[in-house]
Structure formats: structure tokens, C-alpha cells
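The values are calculated or read from the model by the stated rules, or taken from the named source; none is laboratory data. Owing to the predicted nature of the structure, the values given are computational and were not obtained by experimental measurement. Here Cβ is always computed from backbone atoms with ideal geometry, including for glycine, and neighbour counts include all displayed protein chains.
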Ligand SMILES: Cc1cc2nc3c(=O)[nH]c(=O)nc-3n(C[C@H](O)[C@H](O)[C@H](O)COP(=O)(O)O)c2cc1C
């Protein structure tokens, strides 16, 4: 049986060991959502300590519909430049970087008690159930998909070794994946 400190291959990704912390969003971003020096150094310390894989925080691909829902954002070259710094420093210690990309929180957004968040369908928002979410239009979904691809490309060009899709925990992608929240009758609804 392999041990924690043995190398492993996941697809084309080779890790020097299996030491990794699950992705966790945290504050201290730069004001535009880019990775701050403080965040970068936090991950570099892990790499220096011997981690095989580093997950920076869940990273939004756009702020178009959720202004600042999560700590980090990757939608332009300036933010990508700071991710590139993170990747270069982490790589220096032989660790790899997996960027977790997110479409957002959807019904779990906490905008304010009067503004309905957007989601897959007209379902109650999580924090203020009297607020019924506004469904994304097909055009908006296409925009989100395009932004996801854009962020993935930015991450790849910045030196990230892998992308993870933030599709768990009842957040926006998850809201599209279950009939409990996705009641659409267009091509974005129904069975997978
Ligand atoms: C403060 C905090 C932030 C988190 N942020 C994310 C995140 O950005 N992406 C994600 O996939 N999971 C996130 N999680 C979930 C963790 O990655 C992990 O799955 C969860 O804590 C369960 O793992 P554990 O049993 O090792 O604690 C977060 C958890 C915490 C406590």
C-alpha cells in the first residue's frame, strides 16, 4: 500500500507525494481579488514544508453577477500575473498548483436581505428564503461558460498544473446538477 510520502500520478500530473490540504477560501486578497503577497507567502510556506500539491482558494471566474462573493477572482491578466508569481514560487519547492475555479455561490450568495441572488431556477435563497432567486438566462449561462474557459486559460498560462471545478456543497454549479434546485425546461435543465 502506498504511503503519504510516495509519488503519485493523476492523469498527466505527477506529484512528489500525496500531502495536500483541501481547497479553502480565505481573506487577505488584493482589493481586485488577485492573490496578495500575504496569500502567496502562505502557500509558499506549505510548499517549503514539503507539500506535493497546493490548492489556492476557490477562485471566481467573473464578478459580473456576484460582485465579491468569494475571496479570489481570476478574470484578467493583472490577476493572472499574481497567480504566476504564486506558481513560480511554489514550483521552486517541487510542489504543484491546482487552481479551483468557481462559478459562484448562486442561492447561497449573501448580497443583502433585499436582493435576490441568481441561480439555476426560481428557488428560495439560502440565507433569506423569502427571496426567490432569479434564474440565469441562457445568454448569461453562455457568458459564464466562456468566462470559465477564460479563467482556465489564464491559470494554465500562469503556470498552474491543474484545474479543479468547484461543483460541490450546494453552490452554483451544484445548483445546476440537481433537480431539487434545477427546474429548467431548456437545455440547461433535465437529466445530465
Ligand atoms: C473556511 C473554509 C473554507 C472552505 N473553502 C472551500 C473552497 O473554497 N473550496 C472547496 O472545495 N471547499 C472549501 N471548504 C471545504 C474544505 O475544503 C473541506 O472539504 C472541508 O473542510 C472538509 O474537509 P475536512 O474534513 O478535512 O475538514 C472550505 C472549508 C472551510 C472550513
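Taking residues in segment 156-173 that are on the phi < 0 side of the Ramachandran plot and without any contact (Cβ under 8 Å) to a residue 24 or more places away in the chain, and partners anywhere that are part of a loop (DSSP other than H, G, I, E, B) and more than 10 Å from the ligand (Cβ to nearest atom), the pairs with Cβ atoms closer than 9 Å and at least 6 places apart or on different chains are 167/103.
Among the residues of segment 87-97, which ones are assigned to a helix (DSSP H, G or I), touching a residue at least 60 places away in the same chain (Cβ under 8 Å) and within 17 Å of residue 23 (Cβ to Cβ)? It would help to see each step written out before you state the result.
Filtering segment 87-97 down to residues assigned to a helix (DSSP H, G or I) leaves 87-92.
Still in the list and also touching a residue at least 60 places away in the same chain (Cβ under 8 Å): 87-88, 91.
Of everything in segment 87-97, just one residue is assigned to a helix (DSSP H, G or I), touching a residue at least 60 places away in the same chain (Cβ under 8 Å) and within 17 Å of residue 23 (Cβ to Cβ), namely 87.
Might you check whether a residue that is in contact (Cβ under 8 Å) with a residue 12 or more places away in the chain, within 22 Å of residue 105 (Cα to Cα) and within 13 Å of the ligand (Cβ to nearest atom) occurs anywhere in segment 30-38? The answer is no, given that none of the residues of segment 30-38 is in contact (Cβ under 8 Å) with a residue 12 or more places away in the chain, within 22 Å of residue 105 (Cα to Cα) and within 13 Å of the ligand (Cβ to nearest atom).
Here's the yes/no breakdown for (1) over 18 Å from residue 173 (Cα atoms); (2) within 16 Å of the ligand (Cβ to nearest atom):
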site	(1), (2)
67	no, no
71	no, yes
78	yes, no
81	yes, no
84	yes, no
88	yes, no
95	yes, no
98	yes, yes
101	no, yes
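Total residues in segment 43-62 satisfying the condition of being within 16 Å of the ligand (Cβ to nearest atom), over 12 Å from residue 160 (Cβ atoms), part of a loop (DSSP other than H, G, I, E, B) and touching a strand residue (DSSP E or B) at 6+ places or on another chain (Cβ under 8 Å): the figure is 3.
Only residues that are under 26 Å from residue 57 (Cβ atoms), more than 17 Å from the chain's Cα centre (by Cα) and surrounded by fewer than 18 Cβ atoms within 10 Å (Cβ to Cβ) were counted in segment 133-156, giving 1.
When segment 160-192 is filtered for residues that are more than 18 Å from residue 23 (Cα to Cα), away from the ligand (no atom under 16 Å from the Cβ) and surrounded by 14 or more Cβ atoms within 10 Å (Cβ to Cβ), the ones remaining, listed by number, are 176, 181, 182, 184, 188, 189.
For segment 111-132, the condition of being within 21 Å of the chain's Cα centre (by Cα), in a strand (DSSP E or B) and over 30 Å from residue 18 (Cβ atoms) holds for at least one residue. Taken over segment 26-42, the criterion of being surrounded by fewer than 17 Cβ atoms within 10 Å (Cβ to Cβ) and part of a loop (DSSP other than H, G, I, E, B) is satisfied by 26, 27, 28, 30, 31, 32. Of the residues making up segment 11-25, those that are surrounded by 13 or more Cβ atoms within 10 Å (Cβ to Cβ) and at pLDDT below 95 are 23, 25.
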